[in-house]
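Enquirer: Below are the structure tokens for one structure; questions will follow.
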Amino acid sequence: MTDAVTSQLSTPIESVLKRDRAVVMAGILLVAALAWGYTVYLASQMNGTGMGPAMGTGMAMPNVGSWNVVDWSSMFLMWAVMMAAMMVPTAAPMILVFATVNRKRQERHRPFVPTSVFLSGYIVVWCGFAAAATAVNWALHANDQLDMMMGETSSAYVGGAILLAAGIFQWSRLKYACLSHCRSPMAFLMTDWREGPLGALRMGLHHGTYCVGCCWVLMALLFVLGVMNLLWIAALAGFVLLEKVIPRGQTISRASGIGLAAWGALMLTGVIG
């Protein structure tokens, strides 16, 4: 009799959990689609018309001269949206697990917090990275080290140094500490759970910090590959997702480290441009 009652009760609960996961997944896809749409728009503007002489007149990209407040704001927006496009889909496993645990806790009369609060914390951290990337963008631009067509460094030394640093980082302890966290959503939620909206925001910030710690050098590769090169943007986003979800993600991280370091060394020695 008890088993029958439990079965009858579990069916509605499972149905609610499935519905919640579907809603959350739809939200993740919507955020990613909007971010990718804006990124594709910017890339098409750059590739179609080049760098315009003015800022804010149809192109949210920086001036060829000195930057003003609008230039800084537009470049930051570009990086922030691009990071959302690339990284929000890679956080989907963690976000879905959070939504599931959150719903189960509500069934035990714990306060329910919208999953969007957790996601907001995650995005805020990547906006911090976008601010840092904007500053680097300005520094390269101010020192005439940036190809303004595709947003890549024109210096083989700068490009080689970034590639070499990325290759070394792929073998570092920090990389694998952060990657292990990103690959274990349930372990993170079991040890770092915080109640209420503020707690969910702090959890999102915490997870975002680990994610930036794992991937920041890979994102810096865009200064070598092209900030507005859609092919490389998509390739990097796919690579980060593979690192996080496939069983041997650390293996491909190490393999990529060897390749990146070799590429950087060849560029620094002038073997390749």
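The values are calculated or read from the model by the stated rules, or taken from the named source; none is laboratory data. As the structure is a prediction and not an experimental result, all values here were calculated from the model. Cβ: placed from backbone, ideal geometry, glycine included. Neighbour counts: every protein chain shown.
Enquirer: Look through the range 222-273, keep the residues that are polar (S, T, N, Q) and either assigned to a helix (DSSP H, G or I) or more than 21 Å from the chain's Cα centre (by Cα) (or both), and return whichever of them is modelled with the highest pLDDT.
Expert: The qualifying residue modelled with the highest pLDDT is S256.
Enquirer: On to the next question. If you go through the range 170-180 one residue at a time, do you hit one that is buried (at least 20 other Cβ atoms within 10 Å of the Cβ), touching a Ser or Thr at 6+ places or on another chain (Cβ under 8 Å) and among the charged types (D, E, K, R)?
Expert: Within the range 170-180 (the criterion being buried (at least 20 other Cβ atoms within 10 Å of the Cβ), touching a Ser or Thr at 6+ places or on another chain (Cβ under 8 Å) and among the charged types (D, E, K, R)), the answer is yes, since at least one residue qualifies.
Enquirer: Does T209 satisfy the condition of being surrounded by fewer than 20 Cβ atoms within 10 Å (Cβ to Cβ), within 27 Å of R103 (Cα to Cα) and within 16 Å of the chain's Cα centre (by Cα)?
Expert: yes
Enquirer: Sticking with this one: Restricting to the range 175-186, name every residue that is part of a helix (DSSP H, G or I) and of a type in the set (K, R).
Expert: K175, the sole residue that qualifies.
Enquirer: Can you list the helices (runs of 4 or more DSSP H) lying wholly within the range 35-146 that have 1 or more residues being at pLDDT below 95 and within 23 Å of G159 (Cα to Cα)?
Expert: Answer list for the range 35-146: 69-87, 115-142.
Condition check ((1) under 30 Å from I272 (Cα atoms); (2) in a helix (DSSP H, G or I); (3) touching a Cys at 6+ places or on another chain (Cβ under 9 Å)) across all residues:
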| site | (1), (2), (3) |
| --- | --- |
| A161 | yes, yes, no |
| I168 | yes, yes, no |
| F188 | no, yes, yes |
| R194 | no, no, no |
| L198 | no, yes, no |
| C211 | no, yes, yes |
| C215 | yes, yes, yes |
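Enquirer: Moving on. Since Y122 meets every condition but one in (1) touching a residue at least 40 places away in the same chain (Cβ under 8 Å); (2) in contact with a His (Cβ under 7 Å, 6 or more places away or on another chain); (3) surrounded by fewer than 20 Cβ atoms within 10 Å (Cβ to Cβ), which condition does it not meet?
Expert: Of the numbered conditions (1) touching a residue at least 40 places away in the same chain (Cβ under 8 Å); (2) in contact with a His (Cβ under 7 Å, 6 or more places away or on another chain); (3) surrounded by fewer than 20 Cβ atoms within 10 Å (Cβ to Cβ), the odd one out for Y122 is (3).
Enquirer: So, one more: Please state which one of G264, G249 is touching a residue at least 40 places away in the same chain (Cβ under 8 Å) and closer than 22 Å to A133 by Cα.
Expert: Answer to the selection: G264.
Enquirer: Okay, moving on. Scanning the range 233-247 for residues that are farther than 14 Å from L221 by Cα and hydrophobic (A, V, I, L, M, F, W, C), which turns out surrounded by the most Cβ atoms within 10 Å (Cβ to Cβ)?
Expert: Per the stated criteria, the residue is L241.
Enquirer: Follow-up question, since we're still on this one. Restricting to the range 247-273, give me the number of residues that are hydroxyl-bearing (S, T, Y) and within 14 Å of A166 (Cα to Cα).
Expert: Residues in the range 247-273 being hydroxyl-bearing (S, T, Y) and within 14 Å of A166 (Cα to Cα): 2 in total.
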